[in-house]
Amino acid sequence: MPVRTPPVDDTTTAPRTAPAATDEPATRVPPSAPAPSLPSLTGLRWMAALLVFGLHVRNFGYFGGSGGHIMTWAFDAGGTGVSFFFILSGFVLMWTARPNDRTLSFWRRRIARIFPVHLVTAGIALLMVYTPPHLAKPTVAEGVANVLLVHSWRQSWWQTLNPVSWSLACEAFFYAAFPLMVVVLRRLGPRASATLAGASVLAVLVLARADAHEWVSQSLYSLPAARLPEFALGAATARLVRLERWRGPGLEASLALAIIGYFLVPQITDGGYPATACTLIGFALLIPAAAVADLRGLPSLWRHRRLVRLGELSFAFYMIHLLVLRAGTSLLGSSPHFGLPTAVVTTAIAFGLSLGLSWVLYEAVERPARRLLLRGRRSSRTQPAPKAARPEPIAPTREAPAAAPD
């Protein structure tokens, strides 16, 4: 059974205290000003990662009987979490884009963000090739393609080593395209940005129909170029929020639309790329609505400090959870279909192990590796400028963590 998994993006760090609620419009954010923190987006990332986890638990067949039916009802559309991450990635990267940023500096930060955890989890997956339950052994070409995050461009390679890394290959393509995209987006006014958002939605709908009717030679689900419109949609909505021209519904209404789209998936399609068309509008409304709620100090459940902390761990959780589930098959077998009490306990153990290992990855790999890889760059920024020169201000921004994909 192919495993669908979602990716990685940047998230924003939560402030110690939420801004006071106000009915006034959000404070205008000049283009050269630092990007304000949007902690609700971090909390939402955790919920998307949890949907992916639920999908994979369902796929591994822990629940039998009525429990299996409940898991199918709740998580059959969990793969759409990857679409959420792609849209969020575009939004956050556009929101935190630095004025006059250099392309190589941007790419260096992105490499520092995703590669350390990717390499460690790829190494763990490689070890699992030679130990029970003996994952499929990749060829040298497949392994190299996975490490370099280009494996999703070939249909037969997309689940090499750690299967969820296919979404990172899509993110890598987005990162490669973003320096050019941001130049174009910064020149767009509100109307042109809204047009780009509409064109991105239309592109997804056309591609979903093409995929559903097999008008293309391969599945579009894991093809990076086919997922680019979702990333562009997120970037366009971020531009509208930045220009104070976002006119979408509030957080509660957007969440309701996202939930409706999520549960509409099984009624419309069996999954895969066409499922993206069902949730696209709801997700594209929910992300900027959460951002506006943070900017205006409006109530937001997603800003809760525990959800934000879990959101910080979501990338590592996303990257390790499937390996934990696969390792469990050596003890549990394939599709054990336990009764409800045993299935709940087994799922809780798998979740606890995944969360604990994600904390280890975050604290021992993700954070220290990022500091190490960016240390030289940061130290050069802190060197005093010559007296005769007036240094140009650089807007400090917080990069969102990579998002976990399906």
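Things to note:
- G189 being surrounded by fewer than 15 Cβ atoms within 10 Å (Cβ to Cβ), without any contact (Cβ under 8 Å) to a residue 12 or more places away in the chain, over 26 Å from L301 (Cβ atoms) and not acidic (D, E): no
- Scanning the stretch 227-265 for residues that are open to solvent by 10 Å² or more (accessible area, probe 1.4 Å) and over 21 Å from D294 (Cβ atoms) yields L228, P229, A232, I260, Y262, F263, L264.
- Per-region count, the stretch 142-154, residues surrounded by 22 or more Cβ atoms within 10 Å (Cβ to Cβ) and more than 26 Å from G272 (Cβ to Cβ): 0
- Just one of the listed residues (F53, F86) is touching a His at 6+ places or on another chain (Cβ under 6 Å) and touching a residue at least 12 places away in the same chain (Cβ under 8 Å), namely F53.
- Scanning the stretch 77-105 for residues that are in contact with a Pro (Cβ under 6 Å, 6 or more places away or on another chain) and modelled with pLDDT under 95 gives a single hit, T103.
- The stretch 204-213 - residue that is free of Cβ contacts under 8 Å to residues at least 60 places away in the same chain and open to solvent by 30 Å² or more (accessible area, probe 1.4 Å) and, of those, nearest to V92 (Cα to Cα): V206
- In the stretch 32-84, the residues that are assigned to a loop (DSSP other than H, G, I, E, B) and closer than 25 Å to E171 by Cα: P34, A35, P36, S37, L38, D76, A77
- Within the stretch 155-177, residues that are open to solvent by 20 Å² or more (accessible area, probe 1.4 Å) have Cβ atoms under 8 Å from residues that are among the small types (G, A, S) and not in a helix (DSSP H, G or I) in these pairs: Q155/S219; Q155/S222; W158/S222, counting only partners at least 6 apart in sequence or on another chain.
- Any chance V216 is part of a helix (DSSP H, G or I), aliphatic (A, V, I, L, M) and open to solvent by 30 Å² or more (accessible area, probe 1.4 Å): no
- Residue list for the stretch 213-243, restricted to those being aliphatic (A, V, I, L, M) and out of contact with any Phe, Trp or Tyr (no Cβ under 8 Å at 6 or more places or on another chain): V216, A232, L233, A236, L243
- Test result for S89, of a type in the set (S, T, Y), at negative phi and either open to solvent by 10 Å² or more (accessible area, probe 1.4 Å) or assigned to a loop (DSSP other than H, G, I, E, B) (or both): no
- The set of residues in the stretch 101-141 that are assigned to a helix (DSSP H, G or I) and open to solvent by 70 Å² or more (accessible area, probe 1.4 Å) comprises L104, W107, R108, I111, L119, L126, L127, V140.
- Residues within the stretch 350-401 that are modelled with pLDDT of 95 or more and of a type in the set (S, T, N, Q), tallied: 2
- Residues being surrounded by fewer than 23 Cβ atoms within 10 Å (Cβ to Cβ), under 18 Å from L55 (Cβ atoms) and among the aliphatic types (A, V, I, L, M) - total across the stretch 266-289: 1
- Selection status of V201, in contact (Cβ under 8 Å) with a residue 60 or more places away in the chain and farther than 16 Å from V144 by Cα: yes
- Residues (open to solvent by less than 10 Å² (accessible area, probe 1.4 Å) and either of a type in the set (V, I, T) or part of a helix (DSSP H, G or I) (or both)) located in the stretch 295-312: V308, G311
The values are calculated or read from the model by the stated rules, or taken from the named source; none is laboratory data. Every value quoted in this text rests on a predicted model; they were computed, and no experiment measured them. When we count neighbours, we look across all protein chains shown, and the Cβ atoms used for this are built from the backbone with ideal geometry, even at glycine. SASA here: full protein model, heavy atoms, side chains in, ligands and nucleic acids out. Shrake-Rupley method; radii C 1.70, N 1.55, O 1.52, S 1.80 Å.
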